[in-house]
Amino acid sequence: MTTRLPLVAAQPGIWMAERLSTLPGAWSVAHYVELRGALDPTLLGKAIVAGLQQADTLSLRFEEEEGEVWQWLAADRTFAEPSIIDLRTAPDPHRAATERMQADLAQDLRVDGGNPLVCHQLLRVGDDRWYWYQRYHHLLVDGFSFPAITRQIAAIYRDWQRGEATPESPFTPFAEVVDEYQRYAGSEAWQRDKAFWQAQRQALPAPASLSAAPLAGAPPGAISGG
């Protein structure tokens with residue numbers, strides 16, 4: 001095992017929420033990109049693998065030990081090329097494709113559920129129309145990195161089509177991201193940000209409630225109901 005790293009940013013909340021949730025796929029994120037025109041699915045499949053290997057967060061593994069949750073980068077992690085599925089003969093190719101996506105999301109996708117935390121599929125729904133399905137566990141990606149990975153894979157595919165070299169990875173190594181969070185925590189900038197958001201919270205109106213009793217956490221003097 002390589003160096004263990006703590007959970008950072010939204011990760012602790014995601015970990016805890018998944019532990020409390022009864023839904024096996026609640027903390028996976030997915031989307032599909034519609035591709036129109038001529039496509040080399042074999043080349044795109046190889047570009048997907050190359051792009052996934054550039055984002056080291058997709059190699060993260062997790063364990064809980066004595067109440068502490070740790071993560072590390074699996075150095076031997078490899079990614080299989082995505083399934084290429086031709087649905088053109090289905091009565092309704094679009095519906096067949098979305099049903100496959102829903103079936104994937106209906107699996108046990110918890111971090112310890114035994115299923116891959118990363119999944120890509122290329123679904124052909126017309127002669128010149130494809131759906132590129134992508135799914136990740138939310139511990140691995142956020143709202144910024146998810147589309148960034150998609151863009152990088154598209155850039156790799158485009159450059160390869162032109163006979164050019166693989167573009168360099170734009171992604172910051174995850175260990176550096178963790179280090180930045182740790183340096184920020186408790187810093188003067190963190191103290192300023194904390195004071196700012198505490199002031200913002202105090203300025204919020206009282207939450208609506210039908211109860212005459214004060215709400216926990218409501219600003220002093222707030223009236224919850226009448």
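Quick note: the coordinates plus some simple rules give every number you see, no bench work behind them. Keep in mind it's a predicted model, so treat the numbers as computed, not measured. Note that each Cβ is placed from the backbone with ideal geometry, even for glycine, and that neighbours are counted across all protein chains shown.
Can you tell me the Rg and Dmax of segment 6-117, counting just the alpha carbons, in angstroms?
17.0, 53
Within 10 Å of each candidate Cβ there may be at most 15 other Cβ atoms; applying that plus a DSSP loop requirement, which trypsin sites (Lys or Arg not before Pro) in segment 1-103 survive?
Filter output for segment 1-103: 4, 77, 88.
With springs only between Cα atoms under 10 Å, which of 161, 191, 11 fluctuates most in a Gaussian network model of the chain?
The residue that fluctuates most here is 191.
Based solely on its DSSP helices, what 222 nm [θ] is calculated for the chain when runs of n ≥ 4 H residues each add -39,500 (n - 2.57) and the sum is averaged over all residues, nearest 500 deg cm²/dmol?
Values: 6 runs with 80 residues, N = 226.
The per-residue figure over the chain is -11500 deg cm²/dmol.
For the modelled label position 7 Å from the Cα of residue 33 along Cα-to-Cβ, which residues of segment 77-106 have backbone nitrogen atoms closer than 15 Å?
Counting backbone N atoms under 15 Å from the label point, the list is 82.
Using Stokes-Einstein with the Kirkwood hydrodynamic radius over Cα pairs, what translational diffusion coefficient do you get for segment 139-182 at 20 °C and a viscosity of 1.002 mPa s, in µm²/s rounded to a whole number?
Value of D from the Cα-based Kirkwood radius: 179 µm²/s.
Semi-axes of the equivalent ellipsoid for the chain, please: Cα gyration tensor eigenvalues, times 5, square-rooted, ordered largest first, whole Å.
39, 24, 18
Taking the chain as a Gaussian network, where each spring joins two C-alpha atoms under 10 Å apart, which residue of 159, 108, 40 fluctuates the most?
40
If contacts are Cα pairs under 8 angstrom and at least 6 residues apart, what is the relative contact order of segment 35-95 in percent?
Relative contact order comes out at 30 percent.
Find the relative contact order for the chain and round it to a whole percent, using C-alpha pairs within less than 8 Å whose residues are 6+ positions apart.
Relative contact order for the chain comes out at 24 percent.
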